[in-house]
Amino acid sequence: MPNFINVSVSNGVATVALNRPAAMNALCRELNLELLEAIRAVSTERVLILTGGPKVFAAGADVAAMRDATPLEAYQTSEIGHLVHDTLESLPIPTIAAVNGFALGGGCELAMACDFRIAGESASFALPEVGLGVIPGAGGAKRLIQLVGLSLAREMILLGRRLSGPEAFQAGLCNKCVADSDVIGEASDMAQKLCKRPAVALGLAKRAINASDDSPEIEKLLFSLAFASPDQKEGMSALLEKRKPVFKHE
Ligand code: CO8
């Protein structure tokens, strides 16, 4: 049984909840290892919702554990962060971060590694690392630039600017901002919509999005691979026959 996360699955929707309330879900090594195992384990479900619960998403890497780290230990912290976030990003199923409260440092980086972010109004997104004498260490700078652009990313990283839920939505960091009490419900609604869509095409589209910086050959191959799924024939036939598709997700 994991100590710092809870995992549940219902009708193909996996929910992984960070559960280290005494330290505001600070991402210690053990929590990261549990998260890695859980993410891999739910990769055969249809959708993953990642949440920190109703109060806080995650207040970053564990500063208490990091303060006296040697450069080599710090490298290992960054390495595990990259591994968890890259695994999350490359999962074959869509992922949704349901964010209430603080998403700071590594917590903000973790949310950014998900495909979608639903924020509560009192959410707070920031990369405060420079103020602690370090820098974002789990791929956050690159993901932030992709989401909000270089100008705002510089403000957040170099000046420590925080974004509230509504500001994060306006900036494109979040897909939706809702009342705090509606965050999980909104994430579940999105998960239900995703479950209705053909799983094979979703997985291929996600890979194509992640590989959009790479050679166009990858997109050509992923596009052609979609034609190996019966859902391609069904989706196109349904359109031509003016009926609703019935997908097999195979
Ligand atoms: N690490 C360890 N413990 C933490 C952290 C943290 N990041 N954040 C909060 N806590 C602990 C506090 O020490 C406190 O513990 P205790 O009750 O034992 O004293 C408890 O959580 C509650 O915190 P506060 O009393 O401070 O609560 P407040 O409501 O006053 O403040 C804040 C909440 C604003 C979130 C404040 O705790 C804070 O600023 N925390 C640090 C935020 C931060 O700077 N995060 C960035 C860390 S660096 C980082 O993430 C680098 C990422 C590198 C790669 C990641 C790989 C995984």
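Some notes on this structure:
- Considering only L173, S151, L33, and ranking their Cα positions along the charge dipole of segment 5-195 that arises from unit charges at the beta-carbon of Lys, Arg, Asp and Glu, the one farthest toward the positive end is S151.
- Spin-label pair K55/K142, simplified geometry with 7 Å Cα→Cβ offset, distance in nm: 3.5
- Bins of 5 Å from zero: percent of alpha-carbon pairs in segment 5-195: 1, 9, 18, 23, 22, 16, 8, 3, 1, 0
- Whole-percent carbon and sulfur share, accessible surface of the chain, 1.4 Å: 59
- Local charge for L27 was computed over the other residues whose Cβ lies under 10 Å away, with Lys and Arg +1 and Asp and Glu -1, and equals -1.
- Cut-off 13 Å between beta-carbons: net charge of the residues surrounding C177, Lys and Arg +1, Asp and Glu -1: -3
- Crossing angle, helix 199-210 versus the chain [Cα axis fit, 0-90 degrees, rounded to tens]: 50
- Separation in nanometres of the label points that stand 7 Å from Cα toward Cβ, at E234 and Q192: 2.0
- Label-point separation, E37 to V130 (7 Å along Cα→Cβ), nm: 3.8
- Packing-based ranking, highest mean first, of 223-231, 130-138 given that Cβ atoms within 10 Å are counted: 130-138, 223-231
- Lys-Lys pairs in the chain that are eight or more residues apart or on separate chains and whose Cα atoms lie under 26 Å of each other come to 28.
- For a label point 7 Å along the Cα-to-beta-carbon line of F227, residues of segment 182-203 with backbone N under 19 Å: 200-203
- For the chain, the relative contact order works out to 16 percent when only alpha carbon pairs closer than 8 Å and six or more residues apart are counted.
- Taking the C-alpha atoms only, the angle from helix 230-240 to the longest principal axis of the chain is near 60 degrees.
- Value at 222 nm in deg cm²/dmol, rounded to 500, when DSSP H runs of n ≥ 4 in the chain each add -39,500 (n - 2.57): -13500 deg cm²/dmol
- Gained length - E217 relative to S151, 0.36 nm times residue gap less alpha-carbon distance: 20.6 nm
The values are calculated or read from the model by the stated rules, or taken from the named source; none is laboratory data. Being a predicted model, the structure only gives us computed values, none of them experimental. Quick reminder, even Gly has a Cβ in these numbers, built from the backbone with ideal geometry, and neighbours come from all protein chains shown. Just the protein is used for accessible areas: all its heavy atoms, side chains included, with ligands, DNA and RNA removed. Shrake-Rupley method; radii C 1.70, N 1.55, O 1.52, S 1.80 Å.
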